[in-house]
Every structure is written in C-alpha cells, then in structure tokens.
Amino acid sequence: MIERRRETEMPRRAPRARRMLRVAARFTALSMLLAAGTVWTIQHRRSLEAPKLMTLPVSVVEPMKPTEEAFRIGQFLGRYTQDRGVAFRVADALVHEGHKQNISPELLVGVLLTEDPELNLTARSHVGARGLMQVMPFHGGKWGCGSNDLYDIDSNICHGVKILKQAIANAPNMRLALLRYNGCVRGRNTRDCHKYDDKVLRHLDKTQEALRVLRIPDGE
C-alpha cells in the first residue's frame, strides 16, 4: 500500500531514500516468498484467476498484507450481513487461518459463502453441520483450535480450514479437495453435491473481482 507523502521540511533526498528502502524491503520479502513457493504479483497485485486456482494443487496467493487483506475481505463480507462487526471478525479469522495453513483466504471466502451465505453464526444443516463453515459435530475439539464450540467464529473457522487443509493434502487437485470437504465422495447422500466445487468457484471469482476494486481508506 502506497503511503501518502507527508509534507515536511526534510531535504528533498529523504523521500527518495525512503522509497529505496521500501523497494529493498519488498525485494527481500519477494525473494523469501518465492523460495517458499508462494505466488506473488508485484506490479498489479492480482490473484491467480479462479479457474486456474481450482485445477492446481493448493497454491497460495497473497497479494496484500494480512491487515489490508482482512480489511478488504471484511468490506466484501459486509454485503452479506447487517452486522459489520461479524463481517470483520470473520475476515480476520479467515485471513489468520488461511495464512497459517497456507491456503488462499479468498478461496476460504468462497467455501464459507457456499456453506453459509448469510453469515449465520448459528446455522445448522439438516445433517447437523454447524456454523459458518458447516463443520460436523464429531470434529469438535479434534483439531487443536482451543475450543470445541462450533458456533464460535474463530473456533468454527479454525476447524473448517484445518479440515479443508487435510482434504487438500489427500486430493490430487483443488476440485476434488472441495468435494471431499463437502463430503461428496460418491454423491449418494447429498443430491447434486458434485456441483459444490462449481459453487465455490463462482463465489471465489466474485470475491476476487470485488477485492480488486475495493479501496483502503487513507490512514488505514
């Protein structure tokens, strides 16, 4: 994020020096991320297109700083609930767990909106899945999330992201991983469950499109 140039009486060389430091810092960060296998786009800061992401093994796309990313995602999720506090708490949890588990937060938004498009913290499906990420009760307390309360925002998202992480680890590509997260193996229990990954894809694409145009207020 480009900082606004402040008016000072410092020598004219000071802004240039600061710019050089920022460039050096970004170069160092880029080198470290590339070494770790992370995909970055510096000039346009654009994420991988949704269709490409879905056919890859897990790819991490982190074009923004976590605080900026969480703010933008919170703004976007605010379209789905009247409680903006909930929207930003959910965004913080998604970004935190996404970076922690090496999964794109944008993909997590796609999964969450497929599971619970109204951001209903107490949502419960006909088979008993609970909360934002629709986690089955038998998972509660088994993933090191500090709580087994699946109606708690942080706990539910922690459980959901770790379950998805395991699905990704055991699947050859993202589409199959998403189907496994949904429990759609043979499609016998849930009608049309094989369309689940397409729903996630649509939400992912919508999320990426919105985040490209959302702006951070000056001073954030």
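Worth pointing out:
- Of the residues making up the range 76-111, those that are in contact (Cβ under 8 Å) with a residue 60 or more places away in the chain, of a type outside the set (D, E, K, R) and crowded, with 19+ Cβ neighbours inside 10 Å are PHE76, VAL86, VAL90, ALA93, LEU94, GLY98, ILE103, LEU107, VAL109, GLY110, VAL111.
- Here LEU150 does not fit the description of being touching a Ser or Thr at 6+ places or on another chain (Cβ under 8 Å), crowded, with 18+ Cβ neighbours inside 10 Å and assigned to a loop (DSSP other than H, G, I, E, B).
Here's the yes/no breakdown for (1) modelled with pLDDT of 95 or more; (2) buried (at least 20 other Cβ atoms within 10 Å of the Cβ):
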| position | (1), (2) |
| --- | --- |
| GLY144 | no, no |
| SER155 | yes, yes |
| ARG175 | no, no |
| ASN182 | no, yes |
| ARG191 | no, no |
| TYR196 | no, yes |
| THR207 | yes, yes |
| LEU211 | no, yes |
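- Any hit, the range 112-119, residues being surrounded by fewer than 19 Cβ atoms within 10 Å (Cβ to Cβ), modelled with pLDDT of 95 or more, in contact with a helix residue (DSSP H, G or I) (Cβ under 9 Å, 6 or more places away or on another chain) and not hydroxyl-bearing (Ser, Thr, Tyr): yes
The values are calculated or read from the model by the stated rules, or taken from the named source; none is laboratory data. Given the structure is predicted, the values throughout are model-derived calculations rather than measurements. FYI the Cβ positions are ideal-geometry reconstructions off the backbone, even for glycines, and counts take in every protein chain you see.
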